[in-house]
Every structure is written in C-alpha cells, then in structure tokens.
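Colleague: Questions regarding the structure given below will be posed in turn.
The values are calculated or read from the model by the stated rules, or taken from the named source; none is laboratory data. What you are looking at is a predicted structure, and each value in this text was computed from that prediction instead of being measured. Ideal geometry is used to build each Cβ from the backbone, glycine not excepted, and the neighbour counts take in all protein chains shown. Quick note on the areas: whole protein, heavy atoms, side chains included, nothing else; ligands and nucleic acids left out. Shrake-Rupley method; radii C 1.70, N 1.55, O 1.52, S 1.80 Å.
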Amino acid sequence: MSHSEFAAPAAASLMADYPLKAHNTFGFDVRAQFACLIEREAQLLAALRDPRVAGLPRLVLGGGSNVVLTGDFAGLVLLVALRGRRVVREDQHAWYVEAAGGETWHEFVAWTLEEGMPGLENLALIPGTVGAAPIQNIGAYGLEMCERFASLRAIEIATGEAVELDAEACGFGYRDSFFKREGRERFVITSVTFRLPKVWQPRAGYADLARELAARGDTANAGQTDGAAVQPTAQAIFDAVVAVRRAKLPDPLELGNAGSFFKNPVIDSAQFEALKRREPDIVSYAQADGRVKLAAGWLIDRCGWKGRAMGAAAVHERQALVLVNRGGASGTQLLALARAIQRDVFERFGVELEAEPVCL
Ligand code: EPU
C-alpha cells in the first residue's frame, strides 16, 4: 500500500478542461474544469490543498459505474487510481484482506479466489472499483458486500484527515450506506479491508444462480449416488455468476450503462396485499421486518418499457432495470427517460422507484 511514505508534493498535477467520457460507464461526453489522477495518497492531499481549486466542488470518481453526469463539472474531479492488495492479518477463523480504493472490483474478487480465499465469488463481474463498493453496499446473487466487510480507510475531503470506519459506522443497508446519506461527498475511500471466513459456505440459492449451476452440473445433488450433498465450489459459483451476468447485463464497454438504474422498492404488507389482488403474478420477496421487496425490473417490464427508447437513451432489451446509452445520449436525456418510467410505474402500481446511481 502506498500510504503516506512520501511527503505531499508542493503542487498537485491538475489537468484543466478534462474529458470524462472514459471515466463514466454511461459514456456521457462531459468535461471537468479540473481533474487529478490519484495514484498515491500524497497526490490526493496535495490536490485537496491546492489553491487553484480552493472552494471548488469536488467529485470522486472510481470506475464511474454508479453516476449520471448531466453536464460539465465546474470543480475538481478526483480520479482514484490507488492500487495494491494484500492479506493484512489472519486468525484461526478468517483472512483479512485489504485492497486499495482504485483496484478493479472484479479483478480483486478473482485474485482472492486464486489465492485460495473464497467468499466474494457471488459478487463477480460487478463493474467499478473497490473504493466504490461500500458506498452503495454492492450486492448480487444472494450476497451483499457488507457481509464480508471488516473496515475501511478514508480521507475526509474538508480536512485531509484519515479516518478508519467499521461496519457499524458505515451504516450499511440495501444499496445504501453512511456515504449515501450523512457522509455524502465528504470522503475519499482509500482502502477497504474484507473478512473472508476460513470455513466457507456456498451461497447458491438465488434462483438464476441455482439454475445456472444446475445446467452446468455444479449443483447440490448433481450426480451423487451416496446421498451426500455435492456442493458447488467457489470457482463454480464465480463462473456461474459471470455467465448469468453476461447473459443478462450489458457490458458497459459495449453499451453504456450503470447496472440496475432503480432500487427494488420495499413496501408495507397492506399495500402489497392490495397490489397482489390486482396483479397476482407480481414478483416479491418477503423481508425479515414484515415488509415486501418488489422486483423493479418486473414492474417496469409490466409497464411495457423493456427495450423502449427515448432518443438514444433506452431500456435494455434483456433486463428492464438497466437503462442504456445507445450512443450519443446525454445524462439529461437519460434522466428524462428515468422520470417517464417512474411516472408510469407510479400510475399503475402506486409504487415510487428510487434511482440507484448518484445523479449530478
Ligand atoms: N424481471 C422481469 N423483467 C425484467 C427484469 C426482471 O420480469 O426485465 C423479473 C425477473 O424475472 C425476476 C425478478 O424480476 O423474477 C428479479 O430479476 P433479477 O433476478 O434479474 O434481479 P433484479 O431484481 O432485477 C437484482 C439487483 C442486481 C443483481 C441481481 C442479482 C437491484 C436493484 N438489482 O436485480 O444488481 O445483480 O438482483 O442479485 O437490487 C445492480 O445493483 O446494479 C445490479 C445489477
């Protein structure tokens, strides 16, 4: 890790009028008044103190996979490219693995498996960086990042002070954390430490994943003769998640997108019972607190939006929850599409959809 072994340089290497097209997965063609590439923490501290950008707004970008940029950014964009990953500690129960904020999430997950430390395989192929993962508590196929989270290190933008936050301080929820609420735009996450238990249990119950594992012959009950459950390996789960995601979700390098554009809404049971009477095949998941989570993709699909476009902003053909830039769309056009969808879903189901990415 390249923490503070170097003194901060006198001035930051600021790039003026910097194009952000390659730094957001929608591929919106907007520019930053200033940008600074952060490969060492000292560069971050220098940028935060640089008088040329004093008082200007700051925007932290990792992979740019969870942001809608609707116009040029009049301020300083911090491009987090901090690299490094290592086992920081190990006890009889778990490995503690630290990765720098700029590491590519998927490459980090693949590396932990190669090193014989399973536990993150369900989160394979999620776009973005390690430092962005805690902000929305990324989750997929039956696992949320917070279940493997130990702590993180961040720099407070206003003061340049380093802080260490545990899971409680991060306040994780479904696609939510402290960093989307009180901590919003206040920190740069420089590294994250994960706790990977040595006793590994496969998480293979999510319907799409179980189906894919069965199709590959990697499932429990596959071909066993002695009644003992055959469990999928972590690598089999990783491969199956990659296959399911490739089949359903567009590759941002080929078709600009930010994954799910809306959160799956959670409603109370009375509202759900009323809805269910009108829409008997509505897809729902009962929550521990008695409320019910609905599949936003299903609601949007039901309103006829799948595959539809408004200009170059469109709803993906294979997954109605994903909005895409077919080429040349602006963030404003994409948000207009999002609002039209929200309106239709509200009119038909009385349910409000909340955008998942940060809209600027
Ligand atoms: N569905 C439809 N039509 C659609 C899309 C979905 O009818 O166009 C139905 C499906 O048939 C299924 C249900 O809706 O019955 C749920 O769909 P799916 O299993 O594909 O998952 P999702 O709820 O659409 C969530 C996450 C994804 C994550 C998958 C797998 C959210 C907002 N999205 O999607 O996360 O990969 O589950 O765990 O929670 C992301 O956050 O960017 C993301 C891709």
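Colleague: Considering only residues that are touching a residue at least 60 places away in the same chain (Cβ under 8 Å) and closer than 13 Å to VAL358 by Cβ, which ones fall in the stretch 161-179?
Modeller: ARG175
Colleague: Something else about it: Within the stretch 154-176, identify whether any single residue is charged (D, E, K, R) and under 15 Å from the mean Cα position of the chain (by Cα), and answer yes or no.
Modeller: Within the stretch 154-176, one or more residues are charged (D, E, K, R) and under 15 Å from the mean Cα position of the chain (by Cα).
Colleague: Among (1) within 15 Å of the ligand (Cβ to nearest atom); (2) touching a strand residue (DSSP E or B) at 6+ places or on another chain (Cβ under 6 Å), where does PHE272 come up short?
Modeller: With respect to (1) within 15 Å of the ligand (Cβ to nearest atom); (2) touching a strand residue (DSSP E or B) at 6+ places or on another chain (Cβ under 6 Å), PHE272 is out only on (1).
Colleague: Further, regarding this structure: Please list, ordered by first then second residue, the pairs with beta carbon atoms under 8 Å, 6 or more apart or interchain, first in the stretch 87-102 and closer than 27 Å to HIS23 by Cβ and aliphatic (A, V, I, L, M), second at pLDDT 95 or above and open to solvent by 30 Å² or more (accessible area, probe 1.4 Å).
Modeller: VAL97/ARG85; VAL97/ARG86; VAL97/VAL87; VAL97/VAL88; ALA99/ARG85; ALA100/ARG83; ALA100/ARG85
Colleague: Looking at (1) buried (at least 19 other Cβ atoms within 10 Å of the Cβ); (2) without any contact (Cβ under 8 Å) to a residue 40 or more places away in the chain, which one does ILE155 not meet, given that it meets all the others?
Modeller: Here ILE155 meets the rest and fails (2).
Colleague: Further question on the same structure: Name the helices (runs of 4 or more DSSP H) wholly inside the stretch 251-360 in which the number of residues that are touching a residue at least 12 places away in the same chain (Cβ under 8 Å) and surrounded by fewer than 17 Cβ atoms within 10 Å (Cβ to Cβ) is 2 or more.
Modeller: Fully inside the stretch 251-360 and qualifying: 269-278, 331-349.
Colleague: Further question on the same structure: Would you be able to say whether some residue in the stretch 283-299 is away from the ligand (no atom under 13 Å from the Cβ), more than 22 Å from GLN342 (Cβ to Cβ) and charged (D, E, K, R)?
Modeller: yes
Colleague: So which residues in the stretch 143-162 are outside any loop (DSSP other than H, G, I, E, B) and not acidic (Asp, Glu)?
Modeller: Those that are outside any loop (DSSP other than H, G, I, E, B) and not acidic (Asp, Glu): LEU143, MET145, CYS146, ARG148, PHE149, ALA150, SER151, LEU152, ARG153, ALA154, ILE155, ALA162.
Colleague: Test each condition in (1) among the aliphatic types (A, V, I, L, M); (2) surrounded by 14 or more Cβ atoms within 10 Å (Cβ to Cβ); (3) under 30 Å from SER330 (Cα atoms) for ALA12 and report the one that comes out false.
Modeller: The number of the failed condition is (3).
Colleague: Another question, if that's okay. Filter the stretch 103-112 down to the residues that are crowded, with 20+ Cβ neighbours inside 10 Å and in contact (Cβ under 8 Å) with a residue 40 or more places away in the chain and list them by number.
Modeller: TRP105, VAL109, THR112
Colleague: Quickly run through the stretch 32-80 and pick out the residues that are aromatic (Phe, Trp, Tyr) and either more than 26 Å from LEU337 (Cα to Cα) or surrounded by fewer than 21 Cβ atoms within 10 Å (Cβ to Cβ) (or both).
Modeller: The answer is PHE34, and nothing else.
Colleague: For the stretch 114-142, which positions are crowded, with 20+ Cβ neighbours inside 10 Å and not in a loop (DSSP other than H, G, I, E, B)?
Modeller: GLU121, ASN122, LEU123, THR129, ALA140
Colleague: Is there a residue in the stretch 87-99 that is small (Gly, Ala, Ser) and crowded, with 21+ Cβ neighbours inside 10 Å?
Modeller: Yes, there is a match, as at least one residue in the stretch 87-99 is small (Gly, Ala, Ser) and crowded, with 21+ Cβ neighbours inside 10 Å.
Conditions tested, residue by residue: (1) closer than 29 Å to PHE272 by Cα; (2) out of contact with any strand residue (DSSP E or B) (no Cβ under 6 Å at 6 or more places or on another chain); (3) β-branched (Val, Ile, Thr).
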| site | (1), (2), (3) |
| --- | --- |
| VAL292 | yes, no, yes |
| ALA295 | yes, yes, no |
| LEU299 | yes, yes, no |
| GLY304 | yes, yes, no |
| MET310 | no, yes, no |
| GLN319 | yes, yes, no |
| GLY331 | no, no, no |
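Colleague: Shifting gears a bit: Could you grab me the full set of residues in the stretch 188-213 that are crowded, with 23+ Cβ neighbours inside 10 Å, under 30 Å from ALA154 (Cα atoms) and of a type outside the set (Val, Ile, Thr)?
Modeller: SER191, PHE194
Colleague: Identify the residue in the stretch 283-311 that is more than 24 Å from the chain's Cα centre (by Cα) and of a type in the set (Gly, Ala, Ser) and, among all such residues, is nearest to ASP208 (Cα to Cα).
Modeller: GLY304
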